[in-house]
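The values are calculated or read from the model by the stated rules, or taken from the named source; none is laboratory data. Quick caveat: nothing in here was measured; it's all calculated off a predicted structure. Quick reminder, even Gly has a Cβ in these numbers, built from the backbone with ideal geometry, and neighbours come from all protein chains shown. All accessible areas refer to the heavy atoms of the entire protein, side chains included, with ligands and DNA or RNA removed. Shrake-Rupley method; radii C 1.70, N 1.55, O 1.52, S 1.80 Å.
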Amino acid sequence: MFKGAWAVLDQGLFALSNFAINIVVARWSSPTEYGAFTIAYTIFLLLTTVHTALIADPMIVFGTGKYREKLPSYLAVLLRGHWLLALAASLTLAATGLALGLAGEWAVAYALLGLAAANPFILLLWLIRRSCYIRVDPRLAASGSVLYMAVLLAGAYLLIRLDWLTPTSAFSLMGVGSVVSAIWMRSKLSFWSAPGNAAELSRSVTAAHWAFGRWGVCAGLLGGAAGHLYFVVMPARYGPESAASLKALMNLVMPAIQALIAVSVVTVPALVRARDTGGFGGLVRRLLILYSTGALLYWMVLGFSHEYLVRWLYGGRYSSESSLLWLLGLLPVVNAGACIFECALRARERSDAIFRAYLFSFVSTCVLGIPFALAWGTGGAIAGLLISTGLAMGSMAWSLRRRRTTREPELPKYASIEPAGGDTAMPLNLQKRLSLILRFCEPNGKRLIDCGCGAGEYVMALESQGVRAWGIEYDREKLREYRKHYPTSHRLCVGDLLKPGLLDASFDVALLNEVLEHVPNDAEALAEVERLLKDDGTLIVFSPNRRYPFETHGVTLTSSSRRLPHYFPFVPYFPMRLGRRIFTYWARNYWPGELRRLVTDAGFTIIEINYVWQTFEAISRNQPALIAVLAPALRRMANVLERVPVVRSFGTSQVIVARKNGRRASRVSP
């Protein structure tokens, strides 16, 4: 409880510091200068979404999980990544500033150049503050925020007294405050005194952070653009003063919005607990009422005191726009609902739904908000903000209430499934998949269970690499084949994945290699695998990829029971409602998002997503003669395409590597 209070205090102090510097610049500089400050800071916030999504946000997950035993080296990798991304952002800010300067907008240009110099140090403070939460020490983060606020307030006082206050000096002051606060916190965090790291760890961290954060980059850019695009577009028609007016009014609603962001730090954990123990929907409704009530009270206070507040804070500037606070004050009310629904979706690990909501918000901003702002100025921009935020809230509410059902027909028993995909243990295919598996298995260390191991080819291959591997298999005929080839080995046993009869938390790694699509109930199978794994255990799933245009397991025509050839194209692309009428499916086939949701619902956190392409070894046992002749050339082409972004996602199989997080997502809608 106390740690949660310190976390809220830290968020509040940091937000208050930036709020204070905004008020200072707005009050003691001209509208043109404050407009330049606003435009520069808006561009900075958009660029920082990349740093936050790829560095800071994944650090909380991996720093306390996957890399906690290698924390100093892990943070050394992140620090290098920070400087690279910060340098790229600074160069972008500087280049934009120079371009605007050449176009005659020197006020904005100087602000951007000052921010380009301060940017690496501001982002460094964000990174160090976030690292305090790895050690679960929000009190240290709060003390750093106090120091940051003290430097900003003292520096702002001196700048005003010396008449040196400009957007450039304000950004420089933020950089100085960030350096002082970051040095203080780093001196208290022993794990930041890190040695250099190995190249292998660097590659692993890069891959893990990219897999975790790439959707966050997209969502952050879309969400940031929806809220900040007005500050960049309006000056093109009305001048920098229009951005200053809108920002001056936005400053007055930001305390309520920042308070919502701050309490989300403790809201998400509470919703996660409710999701696992029951009462999730009731808690969402209670929080929605509580937050909305607070936002409505804030709106009333803001509306009735708008003239006094604007005159007092800005010394008489921007008073002509103060009545718009009655309209803008509704933004925290709408944002309260959006915040609660986003927290609930995060608790259910539905990042795809959050991304979709931000996409709707961004489209609304482009189609309605920007035209409104260009036509009616500040009032039109406020209307656009309300519409886009409302659409995002509605989208998240719809996603939260929508029941997710399995798209594929449930198969009644193992005997009704025909393993038409063939044996994945063909030499080249085995080698390719084994290289992926071995990245997550330490020889002579972790215990691995191959669920649905067939004739044991992967188990024995892993054992030859020093991995302590065992397997369970439902098909007794395959076990007899295994014992014929390995008469002295006892690594395999008969087992039903839905009832494996093994002890809880008895394995470190679980492998499901083209198995999940064949079990009668895939969700129950994953629940059993989750039970078998130790805390922080690793799940590796190979499964069909519905983006691949051929049905690898084969289908028959419902009307004639005639089997279609495996090379008949585009069968996976048929919508299931139509496909079930035409075909009889012998196994499931998953869209990538569908498989990801299935894995996260079972209590896992995804750490890597990959794809495997064809090796053209006649796995289906009925490969056309022409393909057999062209196989060498096709293999070389597949190996190239397997590494091409976007194209690689059309591989034959998808691979998900996930870590057990000790909780299972609820399927019950609120």
Of the listed values (i) 41.5; (ii) 97.0; (iii) 32.7, grab the one calculated as mean projected area of the Cα convex hull in nm² from the structure here. (iii)
Gain in span if fully extended, Ala523 to Ala117, counting 0.36 nm per residue against the direct Cα distance: 141.0 nm
With the cut-off at 1.5 for a/c, could you classify the stretch 27-186 from its C-alpha gyration tensor as rounded, prolate or oblate? oblate
Using a Förster distance of 35 Å, the FRET efficiency for Leu297-Arg68 (Cβ separation, nearest 0.05): 0.25
Everything considered on the Cα gyration tensor (a ≥ b ≥ c; rounded for a/c under 1.5, else prolate if a/b is larger than b/c, else oblate), the stretch 1-109 must be described as oblate
Measuring from the longest principal axis of the C-alpha atoms of the chain, the long axis of helix 592-601 (C-alpha) lies at a number of degrees, nearest 10, equal to 90
Phi to ³J(HN,Hα) by Karplus 6.51 cos²θ - 1.76 cosθ + 1.60 over the stretch 545-560, Hz, x for Gly, Pro: 10, 5, 6, 5, x, 10, 7, 5, 8, x, 9, 10, 6, 4, 6, 10
Positive end of the charge dipole of the chain (Lys, Arg +1 and Asp, Glu -1 on Cβ, about the Cα centre): tell me which of Gly454, Gln465, Ser73 has its Cα farthest that way. Gly454
If each of Val363 and Leu189 carries a label point 7 Å out from its Cα toward its Cβ, how far apart are those two points in nm? 3.9
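Of Phe372, Phe231, which has the most accessible area with a 1.4 Å probe, and how do the rest follow in descending order?
Phe372, Phe231
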For Phe583, Phe304, give me the order by solvent-accessible area with a 1.4 Å probe, most accessible first, ignoring ligands, DNA and RNA. Phe304, Phe583
Label-point separation, Glu442 to Arg285 (7 Å along Cα→Cβ), nm: 4.9
Sequence of Ser560, Ser320 from largest to smallest accessible area, 1.4 Å probe: Ser320, Ser560
Leaving out ligands, DNA and RNA but keeping every protein chain, what accessible area does Leu391 have, in Å² rounded to the nearest 10, with a 1.4 Å probe? 80
Stretch Lys534-Glu477 to full length: gain in nm at 0.36 nm per residue minus the Cα-Cα span? 17.5 nm
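Hey, what's the chain come to in accessible area per residue, 1.4 Å probe, Å²?
44
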Stretched fully, the stretch from Leu16 through Phe355 gains (0.36 nm per residue minus C-alpha distance, one decimal, in nm) 119.2 nm
Mean projection of the alpha-carbon convex hull of the stretch 478-609 over all orientations, in nm²? 10.1
Can you compute the modelled spin-label distance between Val644 and Trp83, with each label point 7 Å from Cα toward Cβ, in nm? 3.7
Which net charge results for the neighbourhood of Ser319, defined as the other residues with beta-carbon distances under 10 angstrom from its beta-carbon, given Lys and Arg at +1 and Asp and Glu at -1? 0
So, with a 1.4 angstrom probe, what is the percent of accessible area on the chain that is carbon and sulfur? 65
Taking the stretch 85-136 and dividing mean pair separation by its residue count, relative contact order in percent (alpha carbons under 8 Å, at least six apart): 37
Number of Lys pairs (Cα under 16 Å; 8 or more positions apart or on different chains) in the chain: 7
In degrees rounded to 10, the 0-90 angle between helix 240-277 Cα long axis and the longest Cα principal axis of the chain is 40
With +1 at each Lys and Arg Cβ and -1 at each Asp and Glu Cβ, the charge dipole magnitude of the chain around its Cα centre, to the nearest 20 debye, comes out at 760
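For the chain, what is the calculated [θ] at 222 nm in deg cm²/dmol (nearest 500), taking -39500 (n - 2.57) for each run of four or more DSSP H residues and dividing by its residue count?
-21000 deg cm²/dmol
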Taking the 0 to 90 degree range and rounding to the nearest ten, how far is the long axis of helix 2-28 tilted relative to the main principal axis of the chain, both from C-alpha atoms? 40
With the contact rule set at Cα under 8 Å and sequence spacing of 6 or more, what percent relative contact order holds for the chain? 12
